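Colleague: Pasting a structure below so you can have a look.
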Amino acid sequence: MKTEVRKIEDLKSEVAQDALAEAGKLLRSGQLVAFPTETVYGLGANGLDGEACARIYEAKGRPSDNPLILHVADRAMAETIAAEIPPMAEKLMAAFLPGPMTLILRRKSIVPDRITGGLDTVGVRMPESAAARAMIRAAGVPIAAPSANISGRPSPTTAASVLRDMDGRIPLILDGGSCRFGVESTIVDCTGPVATILRPGAITREMLTEVLGGVKLDPALVGAGTVPKAPGMKYKHYAPKAPMTLLEGAPAKMAAAFRRQVRQLQKDGHTVGILASDETCEALADLVPDALRKSYGPQGDLSAIAAHIYEALIAFDDTEADALLGEGTAETGLGLAIMNRLHKASGFHSIQI
């Protein structure tokens, strides 16, 4: 299969309109299309067609019990798949949608079992991205879409990274440029008495608490084994090819801790790659070559870190690194989402400094 990449950054252009129309036609015919959102690129299929959704699992090599999120263009489309929208979900929709948030709701029977992993719930997401919503409208159906990468690998935030994993697997990639946030949507379970964060994202715990008065964190976020109600809860995710260890602790102590770890790994014969802040990368310039130091931005700049971690992890696969060290950050605000992704990328292997 030949994979075509078509640019849609100017949505009003004839080029973009033609590409969106082609995407809609492919999706309605049961094919897959990769598309940009404000979080990461998604791999989309007709969310009401079980056979089409099966092609997502095949293209990604994704376990079939890992649920998919249904992306909708508007409230009316959400109501076609959700059996009910409880008061807490109403509040969250009013505050944050369209936006980088997915709500777990009771599903209608129209939603295929293949989407939900056998659960009676479904993830409903209304993207902030105008390009994503335009594609959904062109298709005329809810779009099932996990991230557009091989299962377990870092999620793509550019069309070029999608092509690395999906070339020859899907017919079309819509190129809308780099994604704004760089980490997947916040997933909130609204089916219980208290809203529960199943996956942290750009809509932070603090933001949700301000609207609802309080939220819970699901135990799976710290590695506990549970039945997965949402993507990314059961399996190792976001991982580069080389194993990674996280260093967590005070920013002022990071550079010295990294130097100790780098020297030990190099002594043991490893080629070490570094995913860290500007400050830590600069402090290691005499130990680690430029090509093996990937900065995600200044220490504490959570927006920059979130936007860069996936592309940095992907970039290591083009190097000789066989051991990676990553720099952690505080787990407040957007940092909760960042550390969730880094913990999963490292298989929860970390060192406290």
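Colleague: Among the strands (runs of 3 or more DSSP E) contained in segment 1-120, which hold 3 or more residues that are open to solvent by less than 30 Å² (accessible area, probe 1.4 Å)?
Modeller: Numbers: elements: 4-7, 33-35, 42-46, 69-71, 101-106.
Output list reads 33-35, 42-46, 69-71, 101-106.
Colleague: Any idea which of (1) assigned to a loop (DSSP other than H, G, I, E, B); (2) among the aliphatic types (A, V, I, L, M); (3) crowded, with 21+ Cβ neighbours inside 10 Å is the one residue 131 doesn't satisfy?
Modeller: For residue 131, the exception is condition (1).
Colleague: Of the residues that make up segment 297-308, is at least one touching a strand residue (DSSP E or B) at 6+ places or on another chain (Cβ under 8 Å) and either open to solvent by less than 10 Å² (accessible area, probe 1.4 Å) or among the aliphatic types (A, V, I, L, M) (or both)?
Modeller: Checked segment 297-308: no residue is touching a strand residue (DSSP E or B) at 6+ places or on another chain (Cβ under 8 Å) and either open to solvent by less than 10 Å² (accessible area, probe 1.4 Å) or among the aliphatic types (A, V, I, L, M) (or both).
Colleague: Quickly run through segment 297-339 and pick out the residues that are within 26 Å of residue 217 (Cα to Cα) and among the aromatic types (Phe, Trp, Tyr).
Modeller: Selection gives 310 alone.
Colleague: Please verify whether segment 315-336 includes one or more residues that are part of a helix (DSSP H, G or I), without any contact (Cβ under 8 Å) to a residue 60 or more places away in the chain, hydrophobic (A, V, I, L, M, F, W, C) and open to solvent by less than 10 Å² (accessible area, probe 1.4 Å).
Modeller: No, because not a single residue in segment 315-336 is part of a helix (DSSP H, G or I), without any contact (Cβ under 8 Å) to a residue 60 or more places away in the chain, hydrophobic (A, V, I, L, M, F, W, C) and open to solvent by less than 10 Å² (accessible area, probe 1.4 Å).
Colleague: Only one residue in 40, 33, 15, 72 is in contact with a strand residue (DSSP E or B) (Cβ under 8 Å, 6 or more places away or on another chain) and without any contact (Cβ under 8 Å) to a residue 12 or more places away in the chain. Which one?
Modeller: 15
Colleague: Now for a separate question. Condition test on residue 285, is it in a loop (DSSP other than H, G, I, E, B), out of contact with any Pro (no Cβ under 9 Å at 6 or more places or on another chain), of a type in the set (Gly, Ala, Ser) and open to solvent by 10 Å² or more (accessible area, probe 1.4 Å)?
Modeller: Taking the combined requirement at face value, the residue satisfies it.
Colleague: Which one is least open to solvent (accessible area, probe 1.4 Å) among residues in segment 266-278 that are closer than 25 Å to residue 164 by Cα and over 25 Å from the mean Cα position of the chain (by Cα)?
Modeller: Within segment 266-278, the match that is least open to solvent (accessible area, probe 1.4 Å) is 272.
Colleague: Would you mind listing the strands (runs of 3 or more DSSP E) fully within segment 152-223 where at least 1 residues are touching a residue at least 40 places away in the same chain (Cβ under 8 Å), touching a helix residue (DSSP H, G or I) at 6+ places or on another chain (Cβ under 9 Å) and more than 22 Å from residue 87 (Cα to Cα)?
Modeller: Hits in segment 152-223: 172-175.
Colleague: Can you work out which of the residues in segment 238-265 that are open to solvent by 80 Å² or more (accessible area, probe 1.4 Å) and under 16 Å from residue 153 (Cα atoms) is farthest from the chain's Cα centre (by Cα)?
Modeller: Per the criteria, the residue is 243.
The values are calculated or read from the model by the stated rules, or taken from the named source; none is laboratory data. Computed from a predicted model, the values in this text were never measured in an experiment. Cβ atoms come from the backbone with ideal geometry, glycine included; neighbour counts cover every protein chain shown. Just the protein is used for accessible areas: all its heavy atoms, side chains included, with ligands, DNA and RNA removed. Shrake-Rupley method; radii C 1.70, N 1.55, O 1.52, S 1.80 Å.
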